[in-house]
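All remarks here apply to the structure that follows.
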Amino acid sequence: MENVKDFISNWIPIKLIEKENEVYFEWIYFSDIPFADPFFEETIAKCKSHNYNSKPFKLVSTPENLIDWSKKLDFVELKGLVFHVSRCGSTMLSQSLATSAENIMVSEAPIIDDILRSNFFDEDTKTVLLESVIRLLGQKRFPEQKNLIIKLDAWSIFKASYLRSVFPEIPFALLYRNPGEVLRSHQKQAGMHMVPNIIPSSVFGIASKEIQELSLQQYQALVLEKYFQGFLDFYEIDNNVIMLNYNDGMKNVIERFVSFIDVDFSENEINLMLERLKKHSKNENAVFTGDSYKDDVLSVNLSEVNLLHEKLNANFIEDLAR
């Protein structure tokens, strides 16, 4: 067992490969590189220059290998899952949390989405694989690490009920923002989930024939409607969930999230998290001066998404009153 532990230490699975009716996992060596970047894939890019990762062959394993190896490493406790609607402060939240050396902050790791959306596994196997991958992502690579926090992809909200069955005691956070601001950001530079057919429309519960009748702006508004409705549906049935509103201020978002996951951070760590708010979420070397979008950018009816937003705000106010 110890030999396996030494062998797999600092290796993390990053990709699910389905080929010729077989499935494999691709791994990458992380060395001493922490999860400090705005997105998981940026950290992977840094790791690729390591000698282990620049060889002509890659380390791959079977699902059985992955499950077995995950049991042989020390890992930290998962403390919370963050769901979000994109362009809503989730990157700033994750970057602020990453300032604490006690946290392993994983932001949108594709391997989690690969497993969630794979049709190759039955639900029991998928659950074991997901638990195993999260243990591997949370492997204790530095002595001060205590907490694993995972920010999921925006469309993971549609898997929230399944994830609750896997993690019945873990706090779930739902981060959202004024819909006009979200959509203006995507009109300026669209995320891949806001462009038809990059991610199958069925993921969002949108019929493929429906897309043909929509402009890009209408499609984006519809996706956001689906996210908001997903938030509302899950909030209604779950007791261990909190609403976080970007428009309430990121300082409040961070303080409420930290209090909700019940982690005892020092005053200095909290101050570092709040200090990070002064910098741009995706570039800590740039000062954040705020973002604003002109009203005339939008050319789509927002009546439905605005109605859903009002319901989210009502739930948010209910959270504040608890």
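The values are calculated or read from the model by the stated rules, or taken from the named source; none is laboratory data. Keep in mind that what you see is a predicted model, and the values were worked out from it rather than measured. Please note: Cβ atoms are built from the backbone with ideal geometry, for glycine as well, and neighbour counts cover all protein chains shown.
Structure notes:
- Taken over region 110-125, the criterion of being assigned to a loop (DSSP other than H, G, I, E, B) and among the acidic types (Asp, Glu) is satisfied by ASP122 alone.
- Neighbours by Cβ (under 6 Å, 6+ apart or cross-chain): first from region 233-249, under 14 Å from PHE158 (Cα atoms); second among the small types (Gly, Ala, Ser) and assigned to a helix (DSSP H, G or I): PHE234/ALA160
- Within region 92-109, the set of residues being part of a helix (DSSP H, G or I), touching a Ser or Thr at 6+ places or on another chain (Cβ under 8 Å) and of a type in the set (A, V, I, L, M) comprises MET92 only.
- Check on THR125, surrounded by fewer than 22 Cβ atoms within 10 Å (Cβ to Cβ) and either within 20 Å of MET192 (Cβ to Cβ) or modelled with pLDDT under 95 (or both): no
- Matching residues, region 196-248, being among the aliphatic types (A, V, I, L, M) and either surrounded by fewer than 14 Cβ atoms within 10 Å (Cβ to Cβ) or more than 19 Å from the chain's Cα centre (by Cα) (or both): ILE198, ILE206, ALA207, ILE211, LEU214, LEU216, ALA221, LEU222, ILE237
- From the options LEU148, LEU174, residue that is in contact with a helix residue (DSSP H, G or I) (Cβ under 9 Å, 6 or more places away or on another chain), buried (at least 20 other Cβ atoms within 10 Å of the Cβ) and either under 26 Å from LEU66 (Cα atoms) or polar (S, T, N, Q) (or both): LEU148
- Segments classed as strands (runs of 3 or more DSSP E), wholly inside region 1-84, with at least 2 members that are charged (D, E, K, R) and without any contact (Cβ under 8 Å) to a residue 60 or more places away in the chain: 22-29
- When residues in region 263-281 are screened for being surrounded by fewer than 16 Cβ atoms within 10 Å (Cβ to Cβ) and farther than 11 Å from SER96 by Cα, 4 of them pass.
- Any helices (runs of 4 or more DSSP H) falling wholly within region 159-237 and containing at least 1 residues that are within 22 Å of SER299 (Cα to Cα) and modelled with pLDDT of 95 or more: 179-188, 216-237
- For the residues SER90, SER86, SER132, SER96, the requirement of being closer than 13 Å to PHE257 by Cβ and out of contact with any strand residue (DSSP E or B) (no Cβ under 6 Å at 6 or more places or on another chain) singles out SER96.
- Residue check, LYS46 surrounded by 12 or more Cβ atoms within 10 Å (Cβ to Cβ), in contact with a Leu (Cβ under 8 Å, 6 or more places away or on another chain) and farther than 25 Å from LEU116 by Cα: no
- Qualifying residue in region 182-191 (condition: free of Cβ contacts under 8 Å to residues at least 60 places away in the same chain and over 26 Å from MET273 (Cα atoms)): yes
- Checking the stated criteria, PHE260 turns out to be surrounded by 15 or more Cβ atoms within 10 Å (Cβ to Cβ), touching a Pro at 6+ places or on another chain (Cβ under 6 Å), of a type outside the set (Lys, Arg) and at pLDDT 95 or above.
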